[in-house]
Amino acid sequence: MNKIFNAAKIFVTVIFLCGIIFIGGKASAEIRIATLDDDEVQVVEDMGEIEVIDEKAMEIFRETVIQTSKFDNRAFHQDIFFVVPRFTGELDFLGAVEKDSLKATGELEFWAVDDNGKDTHTEYPFYLVQDSKNMVLYFKDDKKWKKMTSPVAAKNFVDMVATPNSQELEKMMAFVKDVNVLYENDKYRTLLVKLDCGKFIDEIKAEMAKDPEVQKQADNPMANSFLNIMEQGFRSADVWYTWRVNKTTWQTDTMSFNLSGLVQNIASAALNDPSTESLPAELREVFETLAFYSEFKAYTTYLNPAAKSKLEVPKNVLKAKEVESFSDDSKSKKK
């Protein structure tokens, strides 16, 4: 059972790190926890039957994206939850985006119950600093602060947090499959947005095709199987979010993401892929749990930009030993 928990922990850590990038980017500027009323919940439940695109709603969405994208100084509080039976993960952090940079600080926590009913709780405080040159992650593990640096991640990430230009806005619009206006008055507008995950994976594949390092793995069976699993999972998934905007300031007031379908479908695709047939039974059990019982949701709260003062990395943390992996410091680099 410990192997299952460890495998799930690794999987969830990857999801959460991707969540920082996804939700900390253009789509999630300044945001607050969404609360749906009964009618809104019914619309969400019926989304799978929506086939006709509401052109008027799409124009309203376009206006909202353009108006809110004018802000390049934004701060937010993010909660990302991942739940399966006997295992829960939560990523709770404050973040701030300013032009093409991101700062964040918070905790990644895990709770688990083993076969004997014993509860375990682990937490990893962290700071993240990203600019156009480097993405630096400081994290506390076993009472020690460690540091990881990734120039490649920063290069790919900088375009996501920068204020989008007109061409980028049009690309963002292309990723939207459908929009419903849930509620609108003189002050607020609440939208339900359904994303086209097939176009997301097409974009990912197109970017990978331009990367020389990725092309070196073109004949790697494991890499190809991974990409195939991701593609199947994305193309069959429904991802939606609710978005509430204050029309008097054109700043985001509320956002809520439901990413459960994406995780479930990727895990299901992994179960059905021939490359995973030889996996140990315990690992296949992990995929089965993810495919049928997992929930993955994110809630974000808009903060005053003054909250950025809480994101500065303390001096003692800046002195952290640099490592190449999350697991231990056996590969520590010499300064």
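Structure data summary
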| quantity | calculated |
| --- | --- |
| Test: residue in the range 245-258 that is hydrophobic (A, V, I, L, M, F, W, C), in contact (Cβ under 8 Å) with a residue 40 or more places away in the chain and more than 30 Å from Asp186 (Cα to Cα) | no |
| Every pair of residues 6+ apart whose Cβ atoms lie under 7 Å, when the first sits in the range 77-89 and is free of Cβ contacts under 8 Å to residues at least 60 places away in the same chain while the second is open to solvent by 50 Å² or more (accessible area, probe 1.4 Å) and in a strand (DSSP E or B) | Thr88/Trp111 |
| Selection count where residues are over 19 Å from the mean Cα position of the chain (by Cα) and closer than 15 Å to Thr68 by Cβ, scope the range 174-183 | 1 |
| Only one of Val161, Val152 that is of a type outside the set (Asp, Glu), in contact with a helix residue (DSSP H, G or I) (Cβ under 9 Å, 6 or more places away or on another chain), surrounded by fewer than 17 Cβ atoms within 10 Å (Cβ to Cβ) and at pLDDT below 75 | Val152 |
| Restricting the range 91-120 to residues that are part of a strand (DSSP E or B), open to solvent by 40 Å² or more (accessible area, probe 1.4 Å) and free of Cβ contacts under 8 Å to residues at least 24 places away in the same chain, the residue that is nearest to Asn304 (Cα to Cα) | Asp92 |
| One residue from Ala281, Ala306 being over 25 Å from the mean Cα position of the chain (by Cα) and more than 28 Å from Val179 (Cα to Cα) | Ala281 |
| Considering residues of the range 295-310 that are exposed (fewer than 15 other Cβ atoms within 10 Å of the Cβ) and polar (S, T, N, Q) only, the residue nearest to Ala237 (Cα to Cα) | Asn304 |
| Failed condition for Glu213, given (1) open to solvent by 60 Å² or more (accessible area, probe 1.4 Å); (2) of a type in the set (Asp, Glu); (3) part of a helix (DSSP H, G or I); (4) at pLDDT 80 or above | (4) |
| Breaking point among (1) of a type outside the set (Gly, Ala, Ser); (2) open to solvent by 80 Å² or more (accessible area, probe 1.4 Å); (3) touching a Lys or Arg at 6+ places or on another chain (Cβ under 6 Å), for Trp240 | (2) |
| Residue in the range 121-134 that is modelled with the lowest pLDDT, counting only those that are more than 17 Å from Glu90 (Cα to Cα) and open to solvent by 30 Å² or more (accessible area, probe 1.4 Å) | Ser132 |
| Verdict on Val245 being among the aliphatic types (A, V, I, L, M), more than 23 Å from Leu195 (Cβ to Cβ) and open to solvent by less than 70 Å² (accessible area, probe 1.4 Å) | no |
| Residue that is nearest to Gly261 (Cα to Cα) [pool: residues in the range 189-210 that are over 22 Å from the mean Cα position of the chain (by Cα) and open to solvent by 50 Å² or more (accessible area, probe 1.4 Å)] | Ala209 |
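The values are calculated or read from the model by the stated rules, or taken from the named source; none is laboratory data. These numbers were taken from a predicted model, which means no experiment stands behind them. As a convention, Cβ positions derive from the backbone with ideal geometry for all residues, glycine included, and neighbour counts pool all protein chains shown. Accessible surface areas use protein heavy atoms only, side chains included; no ligands, DNA or RNA. Shrake-Rupley method; radii C 1.70, N 1.55, O 1.52, S 1.80 Å.
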